[in-house]
Amino acid sequence: MKKIFKDKKEEPVTEIRKAEPEPSSTKITDPNYNRNKHYKKGISLMADERLEDAARAFEDALRIDPRHTESLLKLGYARFHMNDFAGAMELYNKVHEIDVTNAEAWNLKGLIYYQQKNYEKALDSVEKAIDSNPTDGMSWYNKACYHSLLNHIPESIEALKRSIEIDVKNAKKAVRDKDFENIRTDEGYRRIVEVVVLESVRQGYRKVGQIVWTTMVGKLEVEDAARKLVEKGLLIKTEKNLGLQKIEEYEIVPELAEKIGVEKKGFFGTVKKSQPIVIQTLKEINEAVHATKASIEKGDVKEIISTLDTFIEPSKKGAQMIEYFFEEHRDIRLYKVRLTDKGSEFLQANKQKMLDLFDNIEMMITKKLRNEAASQNS
């Protein structure tokens, strides 16, 4: 389960940063000066895990402005992690009295039900969160957890895939999350493990033991995923003699390595990255751009979603898009999620924006190709 804060026995909280220095506003220029001062103090105290002091700061802010939703939410965080679930729920209910569509409050209500092992109600809450904000990766991840705990295998896999499309880091979290025990034997979950193993090899962790250590995935799962990646022609298995022992290692096949770039760990842990064939990669992305624009013009939602996968999937152009077009890669992921959720309705409302995005990528590719050609001729 993806928590807002970790348990007190775990490492310090990192999700919430300390408040930035206060601006030079005064009570005269900013009518919310005192409220914001208490709110920022509460955020700073939460970052230091001083939850009771933080709760008092948020209460001070709410005495000034009882309808300040951010203070209500953060006070709810504090109450939740002080195990005052009833107090937290009351605060989230107050948020929904102000704004019934507040996705964060719905997701946090789900976490309370999760702690109480009421997974049906947790699922109902997180679905309302997703209805309000369909691009929130944390809500999709939590939805996958609740479905798994209810033994809804296909629904859990689908929600987990959505969360990974929004934030690829969720793949690594998922393979260590005990909430997914019920889906570990499903083929869809195994493919998620394969993504994690392939990325580990790309980063230079070539031995099974190294992959287990860095990902916390079980040895048998790593070996099974690596075997399947070899069968699919994405990895090569090699053996090296170390004294009387044979050490197995894995490498990404040269064709894929040239496209996505691989990292090699040196003797002292330094990283050397082999350069991809930039011009060929850019040309291939450009061809995918043309295909996607044609699909958008046709208005075929299923075909558009399929072409968008080219820019998202690590086994296709996902890694190169992250390297060369990071912001655009994020936008494409979000477009895919929204098209999957709303279909033609979303396409009609955003068709021109999508075309503009791919026109912009096309122009950037042209510029990069010219620069590459010029550097090779110089």
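Read the figures in this text as sums done on the coordinates, not as results from a lab. Here the structure is a predicted model, which is why all the values come from computation and not from measurement. Because the Cβ atoms are built from the backbone with ideal geometry, glycine has one as well, and the counts that use them run over all protein chains shown.
Tabulated data for the structure shown
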read-out: Residues with amide H under 5 Å from that of Gly204, placed H, sequence gap 5 or more; value: Glu263
read-out: Segment 139-209 - Debye-derived log10 I(q)/I(0), Cα point model, q = 0.27 Å⁻¹; value: -1.21
read-out: Backbone HN-Hα couplings from phi across segment 296-310 [Karplus 6.51/-1.76/1.60, Hz, Gly and Pro as x]; value: 5, 4, 5, x, 8, 4, 4, 5, 4, 4, 5, 6, 5, 4, 4
read-out: Förster radius 45 Å - calculated FRET efficiency between Leu334 and Trp213 (Cβ-Cβ, nearest 0.05); value: 0.85
read-out: Semi-axis lengths, Å, segment 278-377, gyration tensor of Cα atoms, sqrt of 5 times eigenvalues; value: 25, 13, 11
read-out: Calculated SAXS-style log₁₀ I(q)/I(0) at q = 0.10 Å⁻¹ - segment 73-192, Debye, Cα scatterers; value: -0.29
read-out: Tail weight of P(r) past 16 Å, computed on alpha-carbon pairs of segment 170-248, percent; value: 48
read-out: Residues with amide H under 5 Å from that of Ile236, placed H, sequence gap 5 or more; value: Glu251, Ile252, Val253
read-out: Relative contact order [Cα under 8 Å, 6+ residues apart], segment 278-377, whole percent; value: 32
read-out: Protection proxy ranking, peptides 172-185, 324-337, 98-111, average beta carbon neighbours within 10 Å, highest first; value: 98-111, 324-337, 172-185
